[in-house]
Structures are given as structure tokens and as C-alpha cells.
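Asks: Got a structure here, written out as C-alpha cells. Questions coming.
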4 protein chains.
Amino acid sequence: MNFSSDNAYGAAPEILDALTRASTGAVPSYGDDPLTGALRQEMSRLFEREVALYPVVTGTAANALALATLCPQHGAIFCHADAHIATDECGAPEFYTHGAKLVTLEGRDGKLTPEGIARSLKHFLRGVVHHSQPSVISLTQASEFGTVYTRDEIAGISALAREQGLKLHMDGARFANALAHLGCTPAEATWKAGIDVLSFGATKNGAMGAEAVVVLRPDGAAALPFIRKQAMQLASKMRYVAAQFVAMLSDDLWRRNAEHANAMAARLAAGVADVPGVTLTYPVQSNAVFAGLPAEVRDALQRDYPFYVWDEATGVVRWMASFDLTADDVDGFVARLAELAAAR
Amino acid sequence: MNFSSDNAYGAAPEILDALTRASTGAVPSYGDDPLTGALRQEMSRLFEREVALYPVVTGTAANALALATLCPQHGAIFCHADAHIATDECGAPEFYTHGAKLVTLEGRDGKLTPEGIARSLKHFLRGVVHHSQPSVISLTQASEFGTVYTRDEIAGISALAREQGLKLHMDGARFANALAHLGCTPAEATWKAGIDVLSFGATKNGAMGAEAVVVLRPDGAAALPFIRKQAMQLASKMRYVAAQFVAMLSDDLWRRNAEHANAMAARLAAGVADVPGVTLTYPVQSNAVFAGLPAEVRDALQRDYPFYVWDEATGVVRWMASFDLTADDVDGFVARLAELAAAR
Amino acid sequence: MNFSSDNAYGAAPEILDALTRASTGAVPSYGDDPLTGALRQEMSRLFEREVALYPVVTGTAANALALATLCPQHGAIFCHADAHIATDECGAPEFYTHGAKLVTLEGRDGKLTPEGIARSLKHFLRGVVHHSQPSVISLTQASEFGTVYTRDEIAGISALAREQGLKLHMDGARFANALAHLGCTPAEATWKAGIDVLSFGATKNGAMGAEAVVVLRPDGAAALPFIRKQAMQLASKMRYVAAQFVAMLSDDLWRRNAEHANAMAARLAAGVADVPGVTLTYPVQSNAVFAGLPAEVRDALQRDYPFYVWDEATGVVRWMASFDLTADDVDGFVARLAELAAAR
Amino acid sequence: MNFSSDNAYGAAPEILDALTRASTGAVPSYGDDPLTGALRQEMSRLFEREVALYPVVTGTAANALALATLCPQHGAIFCHADAHIATDECGAPEFYTHGAKLVTLEGRDGKLTPEGIARSLKHFLRGVVHHSQPSVISLTQASEFGTVYTRDEIAGISALAREQGLKLHMDGARFANALAHLGCTPAEATWKAGIDVLSFGATKNGAMGAEAVVVLRPDGAAALPFIRKQAMQLASKMRYVAAQFVAMLSDDLWRRNAEHANAMAARLAAGVADVPGVTLTYPVQSNAVFAGLPAEVRDALQRDYPFYVWDEATGVVRWMASFDLTADDVDGFVARLAELAAAR
């Protein structure tokens, strides 16, 4: 058992089967193969409009290339202070945009608000060459804290973006988990809500290594195919990246995996909620559970189950649920935690 | 009269004379001329040690090249939220470092504190590749608000930097003004206090366009001559940049100009302090005066004297004094302000 | 059948098995897993010395990151005019080095010579800031034309590199094919011959998507782990990249695949050599066969077998053999070509 | 006397006067001053159309920013193998375009030909992401060898550019010298001949340090003001850069200076043409004279007059004439050369 990350689990059996099936025969390389072609059509069907699809191999790549498409080198990108692009990508967004500025904002439960963005925008004067020019708002859906923007919350940010001439990026490394919580369609969760480009993650949801830049309004992305190549993200045997996404979208595997992981997180949260000394830090809306608990209980628990202390200052921990976790796993974890808490 | 910026005034007569004198004869270009050679020696004498000197043509250049020398592309630079490198250089530091992250911190009177930096450092785990690696602390001396770090304050930050393995950059666009306030030597204000690289500005202090990267501990800067060239900052007729600095250092022109500008700011601050409705925002320690005042007084005053409203939200204004401002200019300004305030 | 590229074929069965086996259980992500750890040791064993290993996901990534490690932004990289880094990577080396210059040289059979490099070096004056500074020689082994540098040829270039203070990079996208031809050890083919960093390719040799930067003299590569992350090449489920290399090195799969592909190319070359109107363009030393043939024969043949016209001007074509091609495939191809040639 | 470079001479007296005159009073900084405004109008008048003007401080800056405006990061720039952007800017074009490829072509007398460009273009397949995409042709006018493209030659290249969808850049570090030779208007020499962006140099022609990017078809350059700032080329006291250009354009100073320098070069060429052992390497059409001469004569001559050996392999030397050279200077030089040649 491992609660450290949804990256800690391997690929789902359906993914492995798909890779094997995709291995037959010789096909054109670099994305000109039939499977990648089929995926392009499938994605447009899924999103209910013509989209431009660029499969890549890491989540950082999906985010950095999406931002490079939306933001000029003298632009500013507004994101939450705890957004993955700000804290965990070692400067990749700054590098691939050639110098854009990440403006990091606080916001409750890991989410941006129109008010917070509007307040910050006042410091960036339009047309003044000394100032990085406001260009993009980047939302993480689900957020780093496992919370999910409601459709209304996105609509509010989207209205501000439209009014201010900003583009909207969605970091959807856990897009499936957010969608499972929202219960709406991919189209409703993205372009119908004003999102321009989506980083669509499959790896954390049971794939082996498959992410995609989905350009929902393809007009401005003419350079992206070249930049993806120059940025070293054009897989030669692209069929294998495509095969993972095709498998994910078949029989709703992506939704089933996400729903399961969310359910396991909810089960875990429900189980620990009544354990004395344990407090849940954020609403549990996807597959992450953040909690505070006594240090000695935490340390003892970590000897049995790997997980991260998220914030050394507060001692808050993160428990991630994955597609491959069982109810028994969760119950065993909760029981052990309760036992340790009782023994204090 | 103009209180908007110390860039609004032209070059001092001594500078113009120096440029004319420097025009005689043919000399090697790109910095191999005798005047640039003499300046190199003069700078080492001024700083009481062997320094490496790279004259450049803009203040942004001095800062961005200094930071590029100190910070790897996966590094983090800690600076005040109101530092010029964070707010007024359109992403140049991010661009020239190829993706380093500017971590912007709050701090009273526009100054960083060791405590504030230490708190932020906790979020950047060493050796963890997902995190930009802490590399540089950048101090603005004098700060954007005209305040000056005391030698003790720098010593405190320097101790933290040493302990944490960080380099120290000083943005000295107004270094002369700070020095005039501190009353210490350039060596004491910089490398003796732990500063590794200084952006040494002359333009705001009465030059025409002359800035320099002064590498105080020259070991690690072997690439800088090439990077300066590639970064388009190697002036072909370098003698003219050197001539300005030579003139500045002759007869202590740089110190006299700075002392005068500081005195004019102090006179202005003293004059307005008792005007009803006017409050000084920060201690006046160099050539900047920040103040709050009634909106209608401010608007009327701007019709006679150009100056900036620094913060639209609070209405705080900035009045900059320059080397070329006279006591009569200041007194006239104060009188007009008093008159407008009385007429409310 | 497909002779267009060794990327056109899928993954070998042993690779698919390895991916399935690697899927069991939860392990640390981002390369801290046991399999990646084992691969590190295995690579050091294979190369008979401590090496630093950085698995990545595309061949362009291995090359661009290797060059970024060896070459400063103001450096010059000497390579053959037909090298992959010069012709097929859309500027990735220039981008990741932040502006280094690729100096492209002619050379017989796609190979550089010490004389050719020495002649070009005369144009780049050391210490002159206007000139990109000579920094790296990049060899492609096997070359774009399928030829292989002899150990003596590499020794000659290596001697020049040492004398001139240049680093040596080897683009080994088809390293296994070159080694199969040379019949020497990996150590002899690389660091014992003076190579500093190797781009080690597995994808073209039957993997799904697995390349590696192998730093043979690890001293200068301290920044590479961070740069790999910032460059979006740190796979979260790294075990799957490692698993492919581990499988390749088990039971000498990599050598067997390469020997087979080479043998198929040799068989093809031998078969077509006597076909009237067909001339082999280069010595066939790995898995590529370049040939000239009548345009109408070529066009008819392309209707049955995909392959590239390599040079539109001369009409020269490329036939690539892969690990997955059978002797019957080759014989059928030769027979069809002979038939078309006879029918003219 | 100095024949090494037109950068070796100082600023013309008219320039020094203009700087002094420009020093009066306080004006807005960063290019919002009246003098810069006037220069903008003057430039549009000079070029007989609305142009966008961006004064910068070095010639490398004018070139690199011009190319960054015209070329995407995945683009290819076609230039002569001896172009300044290829040989003397330490990779600045590659850096500022974020990875564009400089494709260097041979061509008689330092000039590109449509045929040579067309031949090279065949290697860059449009829409193929592996290939840098043909984007810009850069002409140096006058060329590094002092030769000047005729209007017909430019028309031929321009026709190719239009047909192939390429932009045209002119490196006019010595634009005035070329114009003086051609005897046509600036408009005829540039946009009427198809040039999109001109690097307009004044420094080598008697200014102190003043260059400009002149965007002749301003539609696509919306980002340039921001990029100029981010690229550290926005002078705070911009009036001083503008003043130099204004002085240059007043009373045709720029044309008079260039005509004089050209005349001095012609005089020198005529003088040395009959000296035994001296051969002129290129037609003398601007202010540069290239020649071959016996090594011992050259070495002796260099003891009296600084000049460069341009090519160590052939021994060819360069003698540059400047605005500040007199007929007596030239005659003295020729006499000394003749004396040394006679003494062999």
C-alpha cells in the first residue's frame, strides 16, 4: 500500500493490453500512424468540437507547452501560490515561455478567485513595457489540495478573463478526478466554461506515461507542432502514447478509474474523520485527503504506509488514493491510524 | 521642474565634458581602449580589491547579467515584492537566467529580512529536482522606496546567505545615494558585507547612460564577457561608457551628486511634513520621498509638477530628487503644495 | 513490410513482457524506484566504470540535454552537415544550449575528420568574445548514412579534441548497431576512446520509447538532474523507462536485435548490388542501405514498400532494416526490386 | 591613424554638440521625450512611409531584435557564411530567437544569390516538424567585404522571398555607406525592394552609440516594444540615443560622412592598386578595402598602422576607412606601403 502519490502505482491492465495490441505491424512514426489519427477524432468527439491534440510524455510538458502557446515571453501568468506549475516544475514554465512571470496568488482551498486575480491585475499596467503583460490565468482542476472548482467558480474567473483579455489554461493532471466529482461533460468543464487550452493527464489515472495538450480553440496554436518537436516531446513511436489514451477513453476507463480513486479518498476521509486528533484540512472532492494529526501518530503510521508530510511547518500530511487501491486497503489504513491514535 | 524620476534629468556637465574629451583619436573598440583599461584599475582601487568590471548600457542589463552570472536556470532568486527586478524589468531576469524563479517576499519599508527569507526557504527543498533551487538573494540598495539597508541589516542577510549557500546580489541603481546615506566605503557596503556582485548605476546619478556589473569575487564569472556580448551589451565604442564612469569617480562627482540629491529629498520631506493632510510613507534616506496626500491636492499639484502616483489603490505618490534640482526648486514645490493644501 | 524507418516497427516482445512485469505494486516515482536503481548499477557495469545515467523519453531529448551539459550558451558545436542534431531536431540543440552555434562540416560517408574540424576551428578565435567558443564535437555513431566510425577514426578526432580542449559527444541513437559492427565493448567504443557523454538509444532497436543520457565522466554534470526536470523529461512513472533498458541489457537483447538488423541490411545490400541500375551509395555497416536507382523503378517499388527518398536532388533512397524484419521480408523486397528493374 | 575598424574612431563633432543641446531640462524617460518623438516622425519622412522605430544601443541588438521579430523559434534564417550575424555575434541571433537556425551560404563577394538560397531551401521541408522552417533571409548591406548589393540583386532575392513566403532582413550597420554607393533613396533601398526590417546603424558612421530597428511593415511587430525592454535595450535617457540619430539626419550628416568614408576607401584602393605584390580582393564599393600583400610588408606596415589580418589562412587584410580619415592620412598610408613593398 502506498498513499504517497497517484504516480506510485503502475499502469492499469487495460493499458498494458492496449500497448501489446498496438505493437503489431509497421506504421508511420512521429504521430502519422492510424492510432494517433483515431485518437484525434476521438478527442474531438469527446469534447464535442474540433480540438487540436498534442500527446506528450510528461505532465510538466503538457503544462509548459500549453503555457508557451498562450503566453508571450513578456507575459504574466496568474496562478495559485500552491499550483504545480509554480511549485513543482523547477521553472519549466518560465523557461518555455522564455521569461514569462508566474504571479502566485493566495486563495482558499487552493483555488483562485476573480477578486484575488483582479486585485493583482492592478499592479500590471497594460501597454507599459516595464511590466510583464497579463496574459494567462492557469487553474488547476482538481487543485493541488484535491479540491475542485465548481462550474460557477470557473464561470466567474472566465468572465474576468474575457473582460481583461486573458487566456485560460486548465492544468488537468487530475482532470478525470475533477470531472468525476462535477458530474458534467468534458465540454462543460472546459471550453463551454471558457478554457482555451487543457493539460489532459492520464498518467496519474492509471496510464503508463501519457499526457496531452488539448487546444480547445485551435486558432492560435499553429506553432505548437514545431515547438513540441523542438521541446523534445514528439515521441517517435507515438502509437504507444496514443494507445494509452485510446484505452482510457474506451469503455469510460478514465472515468471509472477516477470515480474509484475518488471513492477511496472519500472512504478514507470518512474513516479518519472521527479518529481523535485527526482533522481534515480541505474538503475532499477528488482523490486527495489532507489532514493534520499528532506528530507521533504520523511518524508511526509512516513506518507502515508511505505518504508525504506536505507542509513541514504545520505538519499537515497528504494521503493520495489511486485507481488501484482497494476498500480493504483503505480500511486497513484507517484501522491502523485509529489504533495508533488510541494508543497515545 | 520634474519630480517623476531621476532619469528625467539629463547628463551632468562634467559627463558631457568627459565625452568630448574622450572623442580624440582612434582607439581599439569593444573595451580594449585605454580609458576602459584605466576604469578597470580605478574600480579595483575604489573597491579596495581586484574586481571584474563589465560596463553595460542599461540598468536592466546590469541586473539581468549579474543574476545570470549568479543563478543557474533551475535556481530561485529571493527578492522583495517591490524590487525593480520583480516589477519593472518585464521578465528580463527570468529570460536571461533561462527560467530561474523570482521569489517575491514582503518586508517593511521595501527591505528583506533574514527571517522572511528563511521562512520562504523552507518551501524549496534542496536536491529535490521538482523545486527551483535557492541560489541568490537580491537586495536593492537604496530600495524602491528610497530606504537604505543598514550595514547590520545586510550583515544579517549575509549570514543567512552564507549559512544557506546562497549568493548575494546588490541592485545598486542608486548605490551612490545609499552610500551617501550610510557614510561608509564602497568596500564596506559591498564585499566586506558579503555582496558577490553589484549592479552599479551611474545613469540616475547624472550620467548619460552608464551602468556596470561589478563582480566582487571574480572566480565564477568566466563566462560573463561572452554572455555580455551575446546579450548585446558590448558597446563598440566602449570608451564612451567608460568615460562616464571615470568622470563620475573623478573628484568624487558621484558622491557629490548623490549627496546633493539626498539633501534635496530631505529638504522636500522636511518641508512637506507639516503640511496638513500630507503624511510621509517611508523614512527618507536617499533621494526618494513617498507620501500620502488628499486626492484633489495631488491632482492640482500634478498640473504644475510631473510626478507619479505610485500606488493607485492607496494614492501614495513618489517625488524623486535629482542631482540637478536646486533648493529653490524644492522650496517652490513645497510652497505650492502648502498653498494647495490650505485652499481645500 | 516497411523500410522507411527503424521507428516504424513496434516494441519487441521482451520489452512488452518487461513492462507488464514492472507493473506490479506501488513504488516511488520520478526515478527513485528499485528498477531505475538497478539500471544505474547495470549501466556502470556495462561501461566498466561509474557513469551517471539519465533516462529520457525521446532521442532529441538525449541529444539536446547531452549538448546542454557539455556546451555553454556562447559555445560552438562541430558536427557533420548531415548529422541528426543539425537536420532533424528543429533547432532543439540551439534552444537547449540557449544559443550555441552548430557548425556543420562536410565529410565523406557522413563522417567528420580531424582535418575538417581543425580547418573550421581556425575561424573561431579563442577568447574573442565576438566568436562562439569551440566547445564540443558531436559524432553520430552509426552515422545518418549508416556508416560507422572506426576506433582509429574516433581516436584521431579525440586527440584533436583533447589538444583543443573540446568535449566529445556521441549521438548513439543507433549505438547498438555501431557496436555490433565494431565488435568491441561499450567502454572501448566510448570513454576509452575519449567520449564524454553518450546519447544511448533503445527505441530504434526495439524498445517502445527509451533513451538515455549517459555521462561517462560525471564530474561536470551536477546540474543535469535539474535541467532534465525543467526540460520536461523526468517521467513520473520512471520504472517503465528503466524497465525497457533493463530488458534490453538482459540476455544481450540489445546486441542481438542490432546484429539482426545489421544482418538484414547486409542481406538487402548484397541482394540489390547486382540488380542492374542500382548502386549502393555508402558502405553498409549498420542497418541502413542507401542506394541510387532509376526513378520509375523507385516509384513502382514504393507502391509496395514504404521507404524514403532521402535526397530529392539526387534521387538517392534509404532502406532501413529493423530488429523485426525477417530474411524472407528482405528476399521478397529484393526479388520485387529485381523484377521491376528487369521490366524496364 | 587607424585602419582597423570604423568603430575605432570617436563621435563626430556634430554628434557631441547634439548631445550637449539635448541635455537641457527634464523630460520623460524611456523614449516618451519630445526628441524621440521627433525622430520617429523624421524616420517616417525619410523612408517615405509610416515606419516603427526602435532605437537601441548596439548593432548586435538591432540585428538580434530584428531577427527575433521576423523569425519563430523553430525557424531558419538564411545568411551569407561571412555575415556578421553568423560570425561575430557570439550566438545572439540563436539566443534571441530561442533556437532558430542560421543557415550559412557561400556566395561571391560576400553576397547571397537567389540560386544559392533556392538550392539550400530544398533541404528544409515545409510543414515537416523535424526541420527548422524557412523564415527569413538576412542581407548585409554593405556586406562584410564592403561590397554592395545592386538594386537588381536585391530584387532577385526579394522575388524568391515573396514566392517562398520568407521575410527579408537587412543588416544595415553600414547602410549609409551602401546608400552612398547606390545613389538611391532609403525607401528604394529597403521596403520598395522588399525589405521588411532594417537594422539601421549610425555608430560606425560617426555616432557615439546609436542603432535602430526600423520596422518597415509594422504590422507584425506588436511585441517588439516589450521584447526590447526585456532584452535590456530600452535606454532610460533615450533622448541621447535619439539625439544622435536626429543629428545624423540633419543636413544629411549621415550621407556626407558615408560618402567621405567611401571616397577615402576608393582613394586608398586606387593608391595601392599599382603597388607591386598588392592585389585587391573584392570590388571596393563602400568604406572597406580587402587586399592580399606579402607577409613581410604586411607585418612592417602593421607596426605603423593598426589593421586586421582578416583571414589567417590566406593572409588577406582589411583596411577600413572612416568618416574621420583625411586624404593626407590615406596618402601617407599608401606611400608607406609603397615604400615597404619597394624595399623587399
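The values are calculated or read from the model by the stated rules, or taken from the named source; none is laboratory data. Every value quoted in this text rests on a predicted model; they were computed, and no experiment measured them. Ideal geometry is used to build each Cβ from the backbone, glycine not excepted, and the neighbour counts take in all protein chains shown.
Asks: Mind checking which residues of the stretch B:176-217 are within 13 Å of B:Arg256 (Cα to Cα), more than 14 Å from every other protein chain (Cβ to nearest Cβ) and within 10 Å of the chain's Cα centre (by Cα)?
Replies: Of everything in the stretch B:176-217, those that are within 13 Å of B:Arg256 (Cα to Cα), more than 14 Å from every other protein chain (Cβ to nearest Cβ) and within 10 Å of the chain's Cα centre (by Cα) turn out to be B:Ala176, B:Asn177, B:Ala178.
Asks: Do you know which residues across the stretch B:213-257 are farther than 21 Å from B:Gly183 by Cα and acidic (Asp, Glu)?
Replies: Of everything in the stretch B:213-257, just one residue is farther than 21 Å from B:Gly183 by Cα and acidic (Asp, Glu), namely B:Asp219.
Asks: In addition: For the stretch B:243-258, how many residues are surrounded by fewer than 24 Cβ atoms within 10 Å (Cβ to Cβ) and either more than 15 Å from the chain's Cα centre (by Cα) or under 18 Å from B:Val57 (Cβ atoms) (or both)?
Replies: Summing the residues that are surrounded by fewer than 24 Cβ atoms within 10 Å (Cβ to Cβ) and either more than 15 Å from the chain's Cα centre (by Cα) or under 18 Å from B:Val57 (Cβ atoms) (or both) in the stretch B:243-258 gives 7.
Asks: Let me ask you something else. Could you list all residues from the stretch A:169-188 that are within 20 Å of A:Arg108 (Cβ to Cβ) and touching a strand residue (DSSP E or B) at 6+ places or on another chain (Cβ under 6 Å)?
Replies: Once the filter is applied, which keeps residues that are within 20 Å of A:Arg108 (Cβ to Cβ) and touching a strand residue (DSSP E or B) at 6+ places or on another chain (Cβ under 6 Å), the stretch A:169-188 yields A:Met170, A:Asp171.
Asks: Oh, and also: What's the number of the only condition in (1) over 23 Å from D:Ser23 (Cβ atoms); (2) in contact (Cβ under 8 Å) with a residue 24 or more places away in the chain that D:Thr203 fails to meet?
Replies: (1)
Asks: Before we move on, is B:Arg40 away from chain D (no Cβ under 13 Å), among the charged types (D, E, K, R) and closer than 28 Å to D:Tyr305 by Cβ?
Replies: So B:Arg40 passes the test.
Asks: Restricting to the stretch D:273-293, what's the tally of residues that are in contact with a His (Cβ under 9 Å, 6 or more places away or on another chain) and without any contact (Cβ under 8 Å) to a residue 40 or more places away in the chain?
Replies: Looking only at that region, the number is 0.
Asks: Need pairs with beta-carbon distance below 6 Å; first residue of a type in the set (A, V, I, L, M, F, W, C) and within the stretch A:248-262, second surrounded by fewer than 24 Cβ atoms within 10 Å (Cβ to Cβ) and at pLDDT 95 or above; sequence gap 6+ or separate chains.
Replies: Between residues of the stretch A:248-262 that are of a type in the set (A, V, I, L, M, F, W, C) and residues that are surrounded by fewer than 24 Cβ atoms within 10 Å (Cβ to Cβ) and at pLDDT 95 or above, the close pairs are A:Leu249/A:Glu42; A:Leu253/A:Glu14.
Asks: Regarding A:Leu16, is this residue among the aliphatic types (A, V, I, L, M), within 11 Å of another protein chain (Cβ to nearest Cβ) and part of a helix (DSSP H, G or I)?
Replies: Yes; evaluated as a whole, the condition is true for this residue.
Asks: I've got another one for you. How many of the residues making up the stretch A:229-255 are in a helix (DSSP H, G or I) and out of contact with any Cys (no Cβ under 9 Å at 6 or more places or on another chain)?
Replies: 17
Asks: Applying the selection to the stretch C:43-66, what residues are touching a strand residue (DSSP E or B) at 6+ places or on another chain (Cβ under 6 Å), more than 11 Å from every other protein chain (Cβ to nearest Cβ) and more than 16 Å from C:Gln244 (Cα to Cα)?
Replies: C:Val51, C:Ala52, C:Ala66
Asks: Cβ-Cβ below 8 Å, separation at least six or inter-chain, first residue in the stretch A:21-32 and within 7 Å of chain C (Cβ to nearest Cβ) and surrounded by 14 or more Cβ atoms within 10 Å (Cβ to Cβ), second assigned to a loop (DSSP other than H, G, I, E, B) and among the aliphatic types (A, V, I, L, M): which pairs?
Replies: So the pair list comes out as A:Ser23/C:Ala11; A:Ala26/C:Met1; A:Ala26/C:Ala8; A:Val27/C:Ala8; A:Pro28/C:Ala8; A:Ser29/A:Met238; A:Ser29/C:Ala8.
Asks: Restricting to the stretch C:87-109, name every residue that is surrounded by fewer than 24 Cβ atoms within 10 Å (Cβ to Cβ), touching a strand residue (DSSP E or B) at 6+ places or on another chain (Cβ under 6 Å) and either more than 23 Å from C:Ala68 (Cα to Cα) or at the interface with another protein chain (Cβ under 8 Å from one of its Cβ atoms) (or both).
Replies: C:Gly107 - this is the single residue of the stretch C:87-109 that is surrounded by fewer than 24 Cβ atoms within 10 Å (Cβ to Cβ), touching a strand residue (DSSP E or B) at 6+ places or on another chain (Cβ under 6 Å) and either more than 23 Å from C:Ala68 (Cα to Cα) or at the interface with another protein chain (Cβ under 8 Å from one of its Cβ atoms) (or both).
Asks: C:His181 fails exactly one of the following numbered conditions: (1) surrounded by fewer than 21 Cβ atoms within 10 Å (Cβ to Cβ); (2) in contact (Cβ under 8 Å) with a residue 40 or more places away in the chain. What is the number of that condition?
Replies: Among (1) surrounded by fewer than 21 Cβ atoms within 10 Å (Cβ to Cβ); (2) in contact (Cβ under 8 Å) with a residue 40 or more places away in the chain, C:His181 violates only (1).
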